[in-house]
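Everything on this sheet refers to the single structure shown next.
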Amino acid sequence: MLEFKEFQLFINEVAIFEPISMTISNEIVSIMGPSGCGKSSLFMAVLGGLNEEFSYQGDIEINGESIMQRSTAQRHIGMMMQDDLLFPHMNVMQNLLFACPEKMKKIEKLDLINRYLIKTDMYEFKDSKVQSLSGGQKSRISALRAVLCQPEIVLLDEPFAKLDQSLKQKFRPWLFDLLLEKNIPVLMVTHDLNDCHQSAFYDLVKGEFSAR
Amino acid sequence: MFGLLATVLPAFSYFPALNFNTFSFNAWFDLLQHPSFFSAFKLTVSTGFLSTSFSILFSFIIFYRYVYFKPSRFLNKILTPMLAIPHAAFAIAFILLLSPSGWLLKIIGQFVGWVIPPNIVTVNDSYALSLTLVLILKETPFLILMMMTQLPNIPVKSNRLITQSLGYSDFASFVYIMLPQLLKNIRLPIYAVLAFSLTVVDVAQIIGPNAPPTLGVLIHQWISNSDFTLRLQAASGAIFLLLLVVSFIVLFYVLEQCCIKLILLKSSASKRSIMFESVFAQLGKIIYFILLLSILVIVVLILWSVTFRWGFTDILPNSFSLKFWQKSQEALLLGLKNAFIFAMISTVLGLVLMVGALEFVNSKKTNRKYLPKTLMYLPLLLPQVSFLFGFNVFLLWFDFHYDWVAIIWAHSLFVMPYLYISLKSVFEKFDKRYTLQSYALNRGYFKTLFFIKLPMLKGSIYTAFALGFSVSVVQYLPTLYMGEGRIETITTQMVNMASGSDYRRIAIFALCQILLPLIIFIVASRKTRDA
């Protein structure tokens, strides 16, 4: 469960948005707002990647524990951004192996990855260089990487922004199904109404949920 | 290439100008049987391998600390001034600092009670350790700069966030993600450092061992010898050195591939942290040591240049004088004037050629969208002594005695790779919409180039000019060989007087060798800021 408790961000002591209070259980919640309203800063705050000029009030908790004093590596977050950011020196399999938890045995990792790859029609590309994949294929591998690390929550930052319309329509339900199957909270930052999974989204400017 | 060809022929004893008209392996037998050859070979190999390996290691550690782990602008601020100090001047100042009668040992002597210089070997040591150290100190900042030029191609911040979100520590993410990409991207600069360390002559002459010297110096001594028959042996030595450089480039390529394979293998095990992480982060502070030495280098040169008397037991000179500046004035002005003229002409020539080449490959007239990188780097990868010797022979065959032209050509050859490094991405990333807008306004190609594109890029062009200028000023062998020893620049004067001249005179020439490019760097950075 991801919980915002009266959480508010400031840049150089100027508030970026009104305090947020919301709880995200095993569902996909979209945060919307125009450019510059603080969507990406909020994303970074959850991820733990804020620059020094930012400060905050309130708290963010994952499963009842505050994460604000934890480093990014200790927050157990799967993430996917609009750029796939797959590591170019690794092939598909190596990228996915890199994401698997350390404690898993190699054979278990390979088994899990192979199952995911078969399920997503990507098995034949397991030894391919990531540069040779199409945009949609890269997005699928990037999404698999986000869930393979067994995260406690998943963050999505405009995950469909770089895909064309037809690819978006195919990839969107695919990604939502994959994430819902994992039964974990998902926070998605987007500026496109069509990307919202549920009938309501959180409007960062108004500070409340609005209907689509 | 002509230069190399003209080295290959004498290497097989074909040198008509000296009445050697039949091919044979005699020059190779003479080379291999020379009493100093194997010792020089061992020194060259150890110096080249150790200095390159440690430069790579330190540059990665410093890059990790100040670019990846705790990004700061500190590195950007200090790299250019550090790189502006020429290798030879640095080596001379290093002697003034660390020789048994050097400044640092004078200071230590105050505490341990030395009254005469200690009987220890700190420079010109027979294992070439002081030479290796100087090369490490000079090449590390160069490799860091080369890594920084790759930053636009590698999304550092996002890579770091992704790997951290997957639970990896900073150092593990650097090793698994950044290191393989950086290694691949700075392959050519690493080879340039390797070739330079294996073949350098001027720095090795100043701070390297004397008996035997490194292979580059030994070959240079044979080329400069009044016994012309030694030139055949020198030619075979030059070809041997070339083969050595090629072998080492292959070796470093294999090592790089093994390193990447090992990292990939380890990364598949998904280990979230690596041992001794904090040690590596702390080791990054070694940059302060390099910075401190670079500052001390300037200070000791300034002090010695105005010293009249400086006893061993004194921390500072006993008396100051400008006498040696006055005595050196005539030679100094000549050396500076020549260096300035060669640098100006060769850099402008190099700039014109490089802008033309970059424009050509970025135009629609060719399918090639980039200049072959290896070709551009070739002058930095080939041993200077190998192809400059051959080119000298080549000019001799054709009875070409326009030394100034030959020097400018040779300088341009070494200036161009650096201009390429500076300007390549600037030209490639130039927003083509500006030129299209100009064409749409009915302006032709040249008007667009000279009134739109070049003025927009002038900041980068000033910086590239300053870099090219400084590269030209420090050229030793190209000036010496092409000018046949008759034309002197501040660099040739300084290197020639390094062995045996008065410390005060050497310091003055070394200081001037630093100041000339530094002034151009300052002017260029002001112009860049205005642009």
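The values are calculated or read from the model by the stated rules, or taken from the named source; none is laboratory data. Quick caveat, the model's predicted, so the values are computed rather than measured. As a convention, Cβ positions derive from the backbone with ideal geometry for all residues, glycine included, and neighbour counts pool all protein chains shown. These area figures cover heavy atoms from the full protein model, side chains too; ligands, DNA and RNA do not enter into them. Shrake-Rupley method; radii C 1.70, N 1.55, O 1.52, S 1.80 Å.
Numbers for the structure displayed
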read-out	value
Candidate set: the stretch A:65-114, residues that are surrounded by fewer than 14 Cβ atoms within 10 Å (Cβ to Cβ) and among the small types (Gly, Ala, Ser); chosen: the one farthest from A:Ser132 (Cα to Cα)	A:Ser66
Filter pass, B:Pro100 being surrounded by fewer than 20 Cβ atoms within 10 Å (Cβ to Cβ) and at pLDDT below 90	no
Index of the failed condition, A:Thr120 passing every other in (1) within 12 Å of chain B (Cβ to nearest Cβ); (2) over 25 Å from B:Val175 (Cα atoms); (3) not aliphatic (A, V, I, L, M)	(1)
Output for the stretch B:218-272, where each listed residue is within 14 Å of chain A (Cβ to nearest Cβ), part of a loop (DSSP other than H, G, I, E, B) and open to solvent by less than 70 Å² (accessible area, probe 1.4 Å)	B:Ala269, B:Ser270, B:Arg272
Search result, residues across the stretch B:160-175 that are facing chain A (nearest Cβ under 7 Å) and either open to solvent by less than 20 Å² (accessible area, probe 1.4 Å) or of a type in the set (Gly, Ala, Ser) (or both)	B:Leu161, B:Ile162, B:Ser165, B:Leu166, B:Gly167, B:Tyr168, B:Ser169
Count of the stretch A:84-102 residues which are of a type in the set (A, V, I, L, M) and at the interface with chain B (Cβ under 7 Å from one of its Cβ atoms)	4
Breaking point among (1) without any contact (Cβ under 8 Å) to a residue 12 or more places away in the chain; (2) more than 19 Å from the chain's Cα centre (by Cα), for B:Leu515	(2)
Test result for B:Val355, in a helix (DSSP H, G or I), more than 21 Å from B:Val245 (Cα to Cα) and either open to solvent by 30 Å² or more (accessible area, probe 1.4 Å) or touching a helix residue (DSSP H, G or I) at 6+ places or on another chain (Cβ under 8 Å) (or both)	yes
Residue that is nearest to the other protein chains (Cβ to nearest Cβ), among those in the stretch A:131-145 that are surrounded by 14 or more Cβ atoms within 10 Å (Cβ to Cβ) and within 13 Å of A:Asp83 (Cα to Cα)	A:Ser142
Selected residue (only one of B:Ser51, B:Ser59 is modelled with pLDDT of 90 or more, under 29 Å from A:Gly49 (Cβ atoms), of a type in the set (S, T, N, Q) and surrounded by 18 or more Cβ atoms within 10 Å (Cβ to Cβ))	B:Ser59
Pairs with Cβ under 7 Å, 6+ apart, first in the stretch B:307-330 and without any contact (Cβ under 8 Å) to a residue 24 or more places away in the chain, second surrounded by 13 or more Cβ atoms within 10 Å (Cβ to Cβ) and among the β-branched types (Val, Ile, Thr)	B:Pro317/B:Thr307; B:Phe320/B:Val306; B:Phe320/B:Thr307; B:Ser321/B:Val306; B:Leu322/B:Val306
Residue list for the stretch A:63-83, filter: touching a helix residue (DSSP H, G or I) at 6+ places or on another chain (Cβ under 9 Å) and more than 10 Å from chain B (Cβ to nearest Cβ)	A:Ile67, A:Met68
Test: B:Ile487 is in contact with a Pro (Cβ under 7 Å, 6 or more places away or on another chain), touching a residue at least 40 places away in the same chain (Cβ under 8 Å) and of a type outside the set (Asp, Glu)	no
Residue in the stretch A:23-31 that is more than 21 Å from B:Ala269 (Cα to Cα), within 14 Å of chain B (Cβ to nearest Cβ), surrounded by fewer than 18 Cβ atoms within 10 Å (Cβ to Cβ) and within 17 Å of the chain's Cα centre (by Cα) present	no
Of the criteria (1) within 14 Å of chain A (Cβ to nearest Cβ); (2) open to solvent by less than 40 Å² (accessible area, probe 1.4 Å); (3) touching a residue at least 60 places away in the same chain (Cβ under 8 Å); (4) in a helix (DSSP H, G or I), which one B:Gln181 fails	(3)
Single match in B:Leu449, B:Leu515, B:Leu454, B:Leu480 (criterion: part of a helix (DSSP H, G or I) and within 30 Å of B:Asn318 (Cβ to Cβ))	B:Leu515
Candidate set: the stretch B:273-287, residues that are part of a helix (DSSP H, G or I) and surrounded by 12 or more Cβ atoms within 10 Å (Cβ to Cβ); chosen: the one farthest from the chain's Cα centre (by Cα)	B:Glu277
Hits in the stretch B:147-159 (condition: in contact (Cβ under 8 Å) with a residue 40 or more places away in the chain and farther than 13 Å from B:Ile62 by Cα)	B:Thr149, B:Leu151, B:Pro152, B:Val156
Given (1) closer than 15 Å to A:Leu47 by Cα; (2) modelled with pLDDT under 85, number of the condition A:Lys168 does not satisfy	(1)
Pair list, Cβ < 6 Å and 6+ apart or interchain, from the stretch B:255-282 residues that are closer than 30 Å to A:Asp127 by Cβ to residues that are open to solvent by 70 Å² or more (accessible area, probe 1.4 Å) and not basic (Lys, Arg)	B:Ser270/A:Glu102; B:Lys271/A:Glu102; B:Arg272/A:Glu102
Failed item in (1) hydrophobic (A, V, I, L, M, F, W, C); (2) surrounded by fewer than 20 Cβ atoms within 10 Å (Cβ to Cβ); (3) within 14 Å of chain B (Cβ to nearest Cβ), with A:Phe54 passing the rest	(3)
Extreme residue, surrounded by the fewest Cβ atoms within 10 Å (Cβ to Cβ), among residues of the stretch A:179-202 that are touching a Phe, Trp or Tyr at 6+ places or on another chain (Cβ under 9 Å) and in a loop (DSSP other than H, G, I, E, B)	A:Asp192
Qualifying residue in the stretch B:186-197 (condition: assigned to a helix (DSSP H, G or I) and in contact with a Gly (Cβ under 7 Å, 6 or more places away or on another chain))	yes
Cβ-Cβ under 7 Å pairs, at least 6 apart or on other chains, the stretch A:152-173 side in contact (Cβ under 8 Å) with a residue 12 or more places away in the chain, far side of a type in the set (Ser, Thr, Tyr) and open to solvent by 60 Å² or more (accessible area, probe 1.4 Å)	A:Asp157/A:Ser40
